[in-house]
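Since every read-out is calculated from the coordinates, none of them should be taken as a lab result. Only a predicted model underlies this, so the values are computations on that prediction, with no experimental measurement involved. Because the Cβ atoms are built from the backbone with ideal geometry, glycine has one as well, and the counts that use them run over all protein chains shown.
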Amino acid sequence: MSGIRYSRDRRQHDRLVAFECQDCGWVSYPEQRRTCKRCGAAPAEFEEVQLAERGEVQTYVVQSRLPEEFETPQPVAVVDLPQVDGEGEPARVYGLLTETDGDDLEVGREVVARYRELFTAGDRPVHSFKFAPPRAESIGTDGDGAGDRGGEGER
Amino acid sequence: MVSIAGAGGYVPRYRIEREEIARQHGGAASGETAVAARDETPVTMAVEAAGTALARADLRGTELDAVFAASVTDPLAEHGIAAHVAYRHGAEGDVRTGDFRGSPRAATDAFAAGRHFVAATGGTALVVGADQMPVEPGHDDEPYSGAAAGAVVLDDADDAAAAVHDVAANTTGFVERHREHGEPAEAGDRRVAAEMGFGGVVPDAAERALAEAPDAPDAAVVAAPDQRTAAGAVSEIPGEVEHVSTFDRVGYAGTATFFLDLAHLLETAAGGTTAIAVAYGAGGADAVALTVRDEAPGRDEAADVTTVAEQLASAEYVTYAEHLRYRERPEYEGVTAE
Ligand SMILES: [Zn+2]
């Protein structure tokens, strides 16, 4: 996971571009391969496809022991992201969850892609997608549920 | 005429209750302040707000001709935000970019650049501000140092969300409050700042911006680090002016406050509302006069677009220790280059 590799794969990590095997329809993300992992076509003909930013959790695990720089417990999931045009197969994407309680996860749960800092290469931030439940779902779950107009905070 | 085609705000989900901070150091404080998660940066917050503004404008990023970004807390001296936001949303190649910094007034520097760009070329510009204010335990500003982003899409269409009448500049060169990279601000003498800086500069800028407006303003956004002074400036604008502010829930978020409060205003104001939006910072102030054309579009469920009010209401409260820890840059020692 070097910064160089992330620079080369910017379309995947900044734009959710994936690669569809023209022989069997399998969608590779984020790797841009020569050989199809499913049908074995080599070299396979891959076409770029655009993934949607909303998908479904297929399986997940909550990691409780990680290096100190990670927040734990850290849920990790495999998420099926459909193609934006509604055609073809979804991509099966492995990703970290952010701002998500493990108790809020289940197979089939809808999550959205969130563009976040994944790690740093030296001092340089490397961004890509994590997943989280849609923000709209948590409105009013905490806080008082009201937007402020005319507020004049004291200080 | 240049218009705001769409606007969007981004408020981090994590919040600290100011009482919690006051408890640590003594004193009292009310309200809450937005805390960026550990994996949020000015870039990620700018990307979120820009996505909402584009969705509201019903535009794809590939249709953008320019992206201008403002930030006073980008941790990197060379890296930039504008081009990153542009690429993320699909804009590349013949796309003008600009990064504005050095004063919270960079918010309106960027806005004015976007307006000039649209007026000169007839193209479409995205303007975004994103900040994550640094804190120091026990510093006066600690309870109010927030994080947020906001964005507007500017074009010259007639059916846009708001018409921009003018952007008036008032450059004084006056600097009292100042801040080193990564450090909280030195406020200096607040009374001097209020009299010679803020107080003197805002009403003039507002008056000039409003010269071309059809009506007196009904609402105002004033982005300034000191909320009491901001409220004072609103009171000096003639007529009944409602102060639209997210300060009680977000705190002060540098250049983002201007765009976030403007998005909140556009999402909540009635059609026909004339408003003034001001950004103040070292060196002077600028005022934008605008009229809301119609009811601004609300949430688009499918695109996961949420209003500022909805994001304010979607909060998870963190402890004092988390509030400090989330603001440190993580060292990813467990992840290494291949
Ligand atoms: Zn295949």
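A compact table of results
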| read-out | value |
| --- | --- |
| For q = 0.12 Å⁻¹, Debye-computed log10 I/I(0) when each Cα of the range B:1-129 counts as one equal scatterer | -0.51 |
| Within a Gaussian network of chain A (alpha carbon springs, distance under 10 Å), most fluctuating of A:51, A:66, A:97 | A:66 |
| Debye log10 I(q)/I(0) for the range B:69-228, one point scatterer per Cα, at q = 0.09, 0.11, 0.20 Å⁻¹ | -0.35, -0.53, -1.45 |
| Unit charges at the beta carbon, dipole of chain B: most positive-side option, B:102, B:258, B:125 | B:102 |
| For the protein assembly as shown, the fraction of alpha-carbon pairs in successive 20 Å shells from zero, as % | 24, 57, 18, 1 |
| For peptides A:116-126, B:170-180, B:144-154, sequence by mean Cβ density within 10 Å, most packed first | B:144-154, A:116-126, B:170-180 |
| Beta bridges per DSSP with both ends in the protein assembly as shown, % antiparallel, nearest 5 | 75 percent |
| Unit Cα scatterers, Debye sum, chain A: log10 I(q)/I(0) for q = 0.15, 0.16 Å⁻¹ | -0.89, -0.98 |
| DSSP-defined antiparallel bridges as percent of all bridges, the range B:3-326, nearest 5 | 65 percent |
| Relative contact order (%) - chain B, alpha-carbon pairs under 8 angstrom, separation at least six | 25 percent |
| Karplus-derived HN-Hα couplings along the range B:97-103 (A = 6.51, B = -1.76, C = 1.60, θ = phi - 60°), whole Hz, x at Gly and Pro | 10, x, 10, 10, 7, x, 6 |
| Relative contact order (%) - the range B:78-129, alpha-carbon pairs under 8 angstrom, separation at least six | 24 percent |
| Fluctuation leader among B:104, B:214, B:184 - chain B, Gaussian network, Cα springs under 10 angstrom | B:214 |
| Exposure proxy order (Cβ contacts within 10 Å, fewest to most) of B:117, B:198 | B:117, B:198 |
| 10 Å Cβ neighbours from other chains, averaged over peptide A:123-135 | 3 |
| Size descriptor, Kirkwood hydrodynamic radius, that averages inverse alpha-carbon separations across the range B:8-63, Å | 13.4 Å |
| Peptide-level mean, for A:106-115, of C-beta atoms on other protein chains within 10 Å | 2 |
| Stokes-Einstein translational diffusion, the range A:60-123 - Kirkwood Rh over all Cα pairs, 1.002 mPa s, 20 °C, in µm²/s | 159 µm²/s |
| Listed residues B:317, B:280, B:252, most fluctuating in chain B (Gaussian network, C-alpha, under 10 Å) | B:317 |
| Ellipsoid equivalent to chain B - semi-axes via the Cα gyration tensor, in Å | 28, 25, 19 |
| Cα Rg, Dmax (largest Cα-Cα span) when computed across the range B:162-262, Å | 14.1, 43 |
| Inter-chain Cβ neighbour average for residues B:84-90, partner chain, 10 Å | 3 |
| Order of A:130, A:37 under a 10 Å beta carbon neighbour criterion, fewest first | A:37, A:130 |
| DSSP-defined beta bridges in the range A:3-136 - what % are antiparallel, rounded to 5 | 95 percent |
| Given charges at Cβ of Lys, Arg, Asp, Glu: the protein assembly as shown dipole, positive-most of A:21, B:309, B:280 | A:21 |
